[in-house]
Amino acid sequence: MSHVMPGLFGINFIQTLMEINGLKLITSNLDVLLLGALVTLELTALAVAFGMILGLIFGLAKLSPQRRLIYGIATFYIDFFRGTPLFVQILLLYFGILPMFGHVGDFSAAVIACSLNSGAYIAEIVRAGIQAIDKGQMEAGRSLGMTHGQTMWYIILPQAYKVVIPPLINEFIAMLKDTSLVSLIGVSELTLRGKLLYSVSYNAAWVWGTVAIIYFIMTKLLAMLGDYVERRLATE
Amino acid sequence: MSHVMPGLFGINFIQTLMEINGLKLITSNLDVLLLGALVTLELTALAVAFGMILGLIFGLAKLSPQRRLIYGIATFYIDFFRGTPLFVQILLLYFGILPMFGHVGDFSAAVIACSLNSGAYIAEIVRAGIQAIDKGQMEAGRSLGMTHGQTMWYIILPQAYKVVIPPLINEFIAMLKDTSLVSLIGVSELTLRGKLLYSVSYNAAWVWGTVAIIYFIMTKLLAMLGDYVERRLATE
Amino acid sequence: MIEVKNIHKNFGSLEVLKGVSCYIAPREVVCVIGPSGSGKSTLLRCVNQLEKVNSGQILIDGEDVTQSRVNIDRIREQVGMVFQHFNLFPHKTTLDNVTLAPIKIKGIPKEEAQENARNLLRKVGLLDKANVYPNQLSGGQKQRVAIARALAMQPKVMLFDEPTSALDPEMVGEVLEVMKDLAREGMTMMVVTHEMGFAREVGHRVLFMDEGKIMEEGSPEQIFDNPRNERTQSFLSKVL
Amino acid sequence: MIEVKNIHKNFGSLEVLKGVSCYIAPREVVCVIGPSGSGKSTLLRCVNQLEKVNSGQILIDGEDVTQSRVNIDRIREQVGMVFQHFNLFPHKTTLDNVTLAPIKIKGIPKEEAQENARNLLRKVGLLDKANVYPNQLSGGQKQRVAIARALAMQPKVMLFDEPTSALDPEMVGEVLEVMKDLAREGMTMMVVTHEMGFAREVGHRVLFMDEGKIMEEGSPEQIFDNPRNERTQSFLSKVL
Amino acid sequence: ADNQDQEKVLRVVTEAGFKPFEFKENNEFVGFDMDLIRAIAEAEGYKAEITHMGFESLIPALQSNKADCAIAGMSIDEERKKSVDFSTPYFNAGLIIAVQKDTEGIKSPDDLKGKRIAGQVGTIGADACNDIKKQDPNTTVKIFDSVGEAFMELEKGGIDAVINDYAVTYEYISTTGQGKTKIVGDVFSADDQYGIAVKKGNKQMLNVINDGLEKVKASGKYDEIYQKWIKQ
Ligand SMILES: Nc1ncnc2c1ncn2[C@@H]1O[C@H](COP(=O)(O)OP(=O)(O)OP(=O)(O)O)[C@@H](O)[C@H]1O
Ligand SMILES: Nc1ncnc2c1ncn2[C@@H]1O[C@H](COP(=O)(O)OP(=O)(O)OP(=O)(O)O)[C@@H](O)[C@H]1O
Ligand SMILES: N[C@@H](CCC(=O)O)C(=O)O
Ligand SMILES: [Mg+2]
Ligand SMILES: [Mg+2]
C-alpha cells in the first residue's frame, strides 16, 4: 500500500480496497468480530430491558409533579443521565462509584451503566407517550368513576404502548450504537474486538469499515423490524 | 482512602469525598478542564452549524422520492450516519478515509466527522418538521398558483422552523455529549483532558465526577435556553 | 338533584365562571345554550368535578362534591357524562367499552355486565355492533355507544356536552333520538347544545350563558320566542 | 368555462370517482351536495389539479388541464379555491396572506397589491383586521380572509369545499353572505356545501353525488322539492 | 497544527498516559519522552508539536501522515517494524507483573495462567497477556485504553495482575498505588528497548531523529533527562 501521493484519491482508494492483506485480515477475523456483535446485541437487549423497567417507573414519576420528592428524584435521574456523555458515565460508574459497593464485573457494570442511561431516555419516551394520549381518555375514565390509577392502567397505558413502541425501537438502536463505549472498560464487544484487531493490523479502513458495516446491518435490521411493528400497530 | 471494606458504602463514600487530594487535584486543574469545555462548545457549535446546512439539503432531498438518485443518496447518507456509532465513524474517517484526501488535522477531522453525523440527524429533524406542517398549507399555496418551491420557501419553511427548533436544540445537546468521542483522535476537549488528568492521578471518582458535572452544567444551560426559546416561539 | 351555588372558576388569570347558580330537579331536562367560550362546558365539567371550582358549592343529592374529603370517584359513578368528541376507548370493542367500568368499579360479574351492556346497546340501536371497535363506527354510532357506556353505571343524572356538534348533519338525528328516549324515560339531564329544535322539544328549562354567567333562564318557549335579555336576542337571531 | 369529462380517480385500490362528467357555464353557481365520502371534495380537487385524475379530461376555458405539459401553476391562478379549514398562512398577517401570491407570482408591486388587498378586505368586511394574524380571527373571519386571498389572484372561477362546515353556527351567516355577494357579481362558482338554504337561494344548479357518481342534477327546486333518485330522497330526508 | 512550516515543525504523537515517560501536567505534555523529543527537535532546528492519541492509533497516525514521529515508550518489535521504522534504541526496558498488595504465589508469567490479567491495548504487555492465554485458555485477558485503567482495575480487584513496562509500573506502585499494589518477580523480556517510530521508508525523518538523538546523548542532555525522570 502506498501513501506517497495522498492527493490522488482514486488511485489510493482503489489500492486500499484491492489490498489483499486487508481482505485476508477481515475474512480470518470475521468470526471474532461477529461474536463481538453478539455480545453487543446481548448487552443492548439487557440494557433496554432493564431500561424499560426504570423508564416506566421514572416516566410515571415525572407525570406526578404534586409528589414532590418522587418527582424531584425522577427529574434529577433523568436530567443527569441525559445530560452527560455515556462515555463519562461509564468511567465514573465503573472506576468511581461501583467500587464503593464492592466488586462488580465489567459486563455487569456495563449493563448497569447502559440500563441507567437507557432508563433515563425511556422515561422521557414513556412520559411523552402517555401525554400523547388524548386528555379526553382520562376524562372519560374518571367520569365513569374510575380512579386515576385504574384509568392509567386500563385505558391510558394500553393505548400509550403503541405510541411508545416506535421511539422505543429507536432507543434500542441508539443503545446498540452506544454500547460501543463499554469497550472502555474492557467488555469484549464488537468495538473492542475491532480495536484489538486494529491495534495489531493498523488497518483503519478495513477494520473500522467492517465494524461499521456490521453495526449498520444490525441497526438496519432493527429499523426494519421497527417499521414492520409500526405498520402492524397502525393497522391493528 | 481504604478499599479494605468494600461493602461499607457509607464509610468509603465519605472517605472518598473528603479526600483532600481529590479536591486539590480538581481545584488545581479546573482551569485546564474548563478550557477543554470551551473546545467542546466550539466543536459542537461548528458541527451543528455545518450539520444544519447538510440537514436542510438532505432533509429536503428525503422529501422528493420521485427524484430517485438524490433520494437514494440522501437515504444512504442518513441511514449510514444514524446507523453506526460515532465512535467508529470518527476512527474510520480519521484514519481510513480522510488520509486518502491528503492531510487533515485532528480538529478539522473532528468537525468533519461530527458535522456529517449531525447532518444526518438534522436531516430527519428537517424532514419531520416539514411533514408536521398541515398539508393544507401546501395545498393553499399551490391552489393560489405558487410552485412547489415557492410554497416551500414562503409558506412551509417559515412555519417549519418553529417545529424544528426544539429538536434542533436537543440535537445540539446530544452533539455536545457526543463530541466526547473525538478525544479518540486527540482533540484536546473536555473528555480528553479528563482522561489525561485521570491517567496521572488515577482518581476516577473526582476526575470523572467533575467532568460529568461540567457536561451536566453545559447541557442544562442549553436545555434552559431551549425551553426559553420554545416558550418564546409558542407565544409569538 | 343538582344544586349549583354561586360557583367561580378561574383558569390562571382568566375567570371563566363568574358566580353561576342553578339547580336541576329530578327527572328534569335542562338545556344550556350560549356563544362559544361562554363557559358552558366548564360549568358541566365542574358539576362532575373534572374541574375543581375556586369557590361556591355544588350539591349532588344534597352532598357537597366540592369538599375535598368527598370520594369523588363514587360521586362520578352517579353522574354520567357524554362528551362532544365521544372519547370512546379505541382499544376496546363496543361491548368492552360499555362493560369496563361496571366490571372494574362495581365488581359486577362479567356475564351480568355483558347482559346489561347488550340491553343498553339494543336500546341505542347498536346491538349488532357489540364486537366492533370504535374506529369502525360512524360518528353518530360512536356517540350512541358513549351514551350507553355512561348509562351502564346507572347514573342518576346525565351530562351532555354538545353531543351532536362533532357529527355530520346526517347523524345528528339518530343521537338526538336516543336522547329524547332517555328524557321520556325520566332521566335527569343537563344538555349543552346548539340544537335549538331539541331544546325546544325536549327541554323543560333553558339556561342562556354568556361571559361566565347565566344571563337568562326560562321555559323553551319563553327563551326562544320572548327572550328578554338583549344578549339572548342577538345570539338567537344569529343561530335560529 | 369548466367541463369535466368522464373522470375516474383511484386512491390505491379505492375508486373514488367512477366516471364523473359535468360542466359549469360562465357566471353560473353550481352546488354539489351528497353524503360524506361520496367524492365531492375529490371532484373539486381534481378540477384544480390538487389531485391528478386517472382518466378523463378536465377542460378549463377549453384547455385540458389533465395533460401533463400544461403549466398547472398558471391554470391554478385562474381557479380560486376555498377550503373547509381555511388554510390561512398562520405566520402572515391578513394583509400579507392576501398579497403574497399576487406579489410573488404576478410580480405586482407591493403597494398596488396592498391596495387591491385592502379593497378585497373591505368587500369581505375585514379591513380593520388587515394587520392581524390569523390566530386572532374567529372562524368566520378566517374564512372571509381566505375568500379574499383567493379573489386576489382574480380567478375566473371559484371552488368552495364546505366553506362553512368547520364554523360555529353563529358564523355561518357572515360567510354565506360574502358568497352570495360574489354570486350576485357574476362569479362562476362551484360550491360543495351542506347548507341547503344557500344552495336553494343562490345555486343555479345542484348536483347530487353519491358513491363517486353524480346521481342527479337539476335546479334547486327540482332537486329539493321533487328529487327523483331514491338516494337523493333518502339523503335529503335526513338532512332537511 | 495544520499550517506548514515557517519554523520547521516536528509533528509528534504520543499516548500521554504513561508516567514518567509521557503524561500531562497543567495541560503540558511532560515526561522523559517529551523532554527527549523536544531536545532532539531543538538540536535539529525543529519545533516539536505534540498530540495525544490512543496507543493503537499511533502507528496508523504515522502511516496516514498525521504525524512525523511517534514517541510513547514504544518497544522496538519485529511486528511493528513491518509498519514503521525505528530510531536507534534510547531506553532499556522490560515487562513486570503488578499485583494487589496481599496477593501471594505469583512470581512469574507462568503463575498467571488461569488468572485474570490485564494490559494496555496494542502494547507488548497486552501481547504477553495473550501469550499466557494461548498457553492456558482459562486465563481471562482484559484490555484497556490506557494502563492507568488497568491499574485501577487491579486496585478494585477486578483482575489479579497487570503486565506492563517496568519503569511505568514502578512509578505507579511507588506513588498512587502505594500500599495497595506491589511488583512481583523479575523483569522479563529484558532485552526490550524503546525507539522512536517514523513512517516506514521515511529515511529523511529517520535520519533527523537519529542524528538528533546522537547529539542529545553527546551533549549530556540525555543523562540530564534520565536523572530527572527515572527513579531507580
Ligand atoms: N383547561 C383550560 N385552561 C385554560 N382556559 C380554558 C380551559 N378550558 C376552557 N378554557 C377557557 O374558558 C373559557 C370558557 O370555555 P368553555 O369551554 O367552558 O366554553 P364553552 O361555552 O363550552 O364554549 P364552546 O361552545 O366553544 O364549547 C374559554 O375562554 C376557554 O378558552
Ligand atoms: N388522499 C387520499 N387518500 C386515500 N383516500 C382518500 C384520499 N382523499 C380522499 N380519500 C377517500 O376518498 C373518498 C371520497 O373522499 P372525499 O373527501 O372526496 O369525500 P367527500 O364527499 O368530500 O366527503 P366529506 O363530506 O366527508 O368531505 C373517501 O372514502 C375518502 O376516504
Ligand atoms: N512499551 C510498551 C508499552 C508502551 C505504552 O504503553 O506506551 C509497548 O511498546 O508495547
Ligand atoms: Mg364547550
Ligand atoms: Mg369533503
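The values are calculated or read from the model by the stated rules, or taken from the named source; none is laboratory data. None of the values given here were measured: they were computed from a predicted structure. All Cβ positions, glycine included, derive from the backbone under ideal geometry; neighbour counts span all protein chains shown. Side chains are part of the model used for accessible areas, which takes the heavy atoms of the whole protein and leaves out ligands, DNA and RNA. Shrake-Rupley method; radii C 1.70, N 1.55, O 1.52, S 1.80 Å.
Filtering C:ASP168, C:ASP181, C:ASP161 for residues that are open to solvent by 50 Å² or more (accessible area, probe 1.4 Å) and more than 14 Å from chain D (Cβ to nearest Cβ) leaves a single hit, C:ASP181.
Pull up region E:165-223, narrow it to residues that are within 14 Å of chain B (Cβ to nearest Cβ) and in a loop (DSSP other than H, G, I, E, B), then point me to the one that is nearest to ligand 1 (Cβ to nearest atom). Within region E:165-223, the match that is nearest to ligand 1 (Cβ to nearest atom) is E:THR176.
Of the residues making up region D:184-222, those that are more than 14 Å from chain C (Cβ to nearest Cβ), free of Cβ contacts under 8 Å to residues at least 60 places away in the same chain and either within 16 Å of ligand 5 (Cβ to nearest atom) or farther than 30 Å from D:GLN154 by Cα (or both) are D:GLU216, D:GLU221, D:GLN222.
For every residue, the table says whether it meets (1) without any contact (Cβ under 8 Å) to a residue 12 or more places away in the chain; (2) more than 8 Å from every other protein chain (Cβ to nearest Cβ); (3) open to solvent by 10 Å² or more (accessible area, probe 1.4 Å); (4) part of a helix (DSSP H, G or I).
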position	(1), (2), (3), (4)
D:THR66	no, yes, yes, no
D:ARG69	yes, yes, yes, no
D:ILE105	no, no, yes, yes
D:GLN114	no, yes, yes, yes
D:ASN131	no, yes, yes, no
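Residues of region B:143-154 include none that is open to solvent by less than 10 Å² (accessible area, probe 1.4 Å), more than 10 Å from chain D (Cβ to nearest Cβ) and out of contact with any Lys or Arg (no Cβ under 9 Å at 6 or more places or on another chain). Within region E:180-196, residues that are more than 30 Å from E:ILE209 (Cβ to Cβ) have Cβ atoms under 9 Å from residues that are in a strand (DSSP E or B) and open to solvent by 10 Å² or more (accessible area, probe 1.4 Å) in these pairs: E:LYS180/E:GLN100; E:THR181/E:GLN100; E:LYS182/E:GLN100, counting only partners at least 6 apart in sequence or on another chain. The residue that is farthest from the other protein chains (Cβ to nearest Cβ), among those in region A:185-214 that are free of Cβ contacts under 8 Å to residues at least 60 places away in the same chain and within 23 Å of B:PHE80 (Cα to Cα), is A:ILE213. In region A:123-151, the residues that are on the phi > 0 side of the Ramachandran plot never reach a residue that is among the aromatic types (Phe, Trp, Tyr) and surrounded by fewer than 21 Cβ atoms within 10 Å (Cβ to Cβ) with C-beta atoms less than 8 angstrom apart, at least six apart or across chains. Quick check, is D:GLU28 more than 14 Å from chain C (Cβ to nearest Cβ), open to solvent by 20 Å² or more (accessible area, probe 1.4 Å) and within 16 Å of ligand 5 (Cβ to nearest atom)? Judged against the criteria, D:GLU28 is not a match.
Of all the residues in region E:125-172, those that are open to solvent by 10 Å² or more (accessible area, probe 1.4 Å), hydroxyl-bearing (Ser, Thr, Tyr) and farther than 21 Å from A:THR191 by Cα number 2. Within region C:30-43, residues that are without any contact (Cβ under 8 Å) to a residue 24 or more places away in the chain and within 6 Å of ligand 1 (Cβ to nearest atom) have Cβ atoms under 8 Å from residues that are open to solvent by 20 Å² or more (accessible area, probe 1.4 Å) and not in a strand (DSSP E or B) in these pairs: C:SER36/D:ASP168; C:SER36/D:GLU170, counting only partners at least 6 apart in sequence or on another chain. The set of residues in region C:71-82 that are in contact (Cβ under 8 Å) with a residue 40 or more places away in the chain and surrounded by fewer than 24 Cβ atoms within 10 Å (Cβ to Cβ) comprises C:GLU77, C:GLN78. Within region D:44-64, the set of residues being touching a residue at least 12 places away in the same chain (Cβ under 8 Å) and away from ligand 5 (no atom under 16 Å from the Cβ) comprises D:GLN49, D:LYS52, D:VAL53, D:ASN54, D:SER55, D:GLY56, D:GLN57, D:ILE58, D:LEU59, D:ILE60, D:ASP61, D:GLU63.
Within region E:132-164, the set of residues being free of Cβ contacts under 8 Å to residues at least 60 places away in the same chain, among the aliphatic types (A, V, I, L, M) and within 13 Å of another protein chain (Cβ to nearest Cβ) comprises E:VAL141, E:ILE143, E:ALA150, E:MET152, E:LEU154, E:ILE159. Among the conditions (1) crowded, with 21+ Cβ neighbours inside 10 Å; (2) more than 19 Å from A:ILE155 (Cα to Cα); (3) touching a helix residue (DSSP H, G or I) at 6+ places or on another chain (Cβ under 6 Å), C:GLY139 misses just one, which is (1). Every condition in (1) more than 9 Å from every other protein chain (Cβ to nearest Cβ); (2) open to solvent by 30 Å² or more (accessible area, probe 1.4 Å); (3) over 18 Å from the mean Cα position of the chain (by Cα) is met by B:PRO158 except one, and the failing one is (1).
Just one of the listed residues (E:ILE106, E:ILE97) is open to solvent by less than 10 Å² (accessible area, probe 1.4 Å) and more than 16 Å from the chain's Cα centre (by Cα), namely E:ILE106. Within region D:31-43, being within 11 Å of ligand 5 (Cβ to nearest atom), outside any loop (DSSP other than H, G, I, E, B) and touching a helix residue (DSSP H, G or I) at 6+ places or on another chain (Cβ under 9 Å) holds for one residue alone: D:VAL32. The single condition among (1) hydroxyl-bearing (Ser, Thr, Tyr); (2) modelled with pLDDT under 95; (3) surrounded by 18 or more Cβ atoms within 10 Å (Cβ to Cβ) that C:SER234 does not satisfy is (3). Residues in region C:183-213 that are away from ligand 1 (no atom under 16 Å from the Cβ) and out of contact with any strand residue (DSSP E or B) (no Cβ under 7 Å at 6 or more places or on another chain): C:ARG184, C:GLU185, C:GLY186, C:GLY197, C:ARG200, C:GLU201.
Filtered by the rule that a residue be over 22 Å from A:VAL164 (Cα atoms) and either open to solvent by less than 60 Å² (accessible area, probe 1.4 Å) or touching a strand residue (DSSP E or B) at 6+ places or on another chain (Cβ under 7 Å) (or both), region A:33-71 gives A:LEU33, A:GLY36, A:ALA37, A:VAL39, A:THR40. Going residue by residue through region B:107-128, is there one that turns out to be within 14 Å of chain D (Cβ to nearest Cβ) and surrounded by fewer than 19 Cβ atoms within 10 Å (Cβ to Cβ)? No, because not a single residue in region B:107-128 is within 14 Å of chain D (Cβ to nearest Cβ) and surrounded by fewer than 19 Cβ atoms within 10 Å (Cβ to Cβ). Of the residues A:PHE95, A:PHE81, A:PHE76, which single one is among the aromatic types (Phe, Trp, Tyr), within 17 Å of the chain's Cα centre (by Cα) and assigned to a helix (DSSP H, G or I)? On inspection, the qualifying residue turns out to be A:PHE81.
From the list A:SER199, A:SER183, the one residue that fits, being under 19 Å from the mean Cα position of the chain (by Cα), modelled with pLDDT under 95 and polar (S, T, N, Q), is A:SER183. Among the numbered conditions (1) in contact with a Leu (Cβ under 7 Å, 6 or more places away or on another chain); (2) crowded, with 23+ Cβ neighbours inside 10 Å, the only one that A:ALA140 does not meet is (1).
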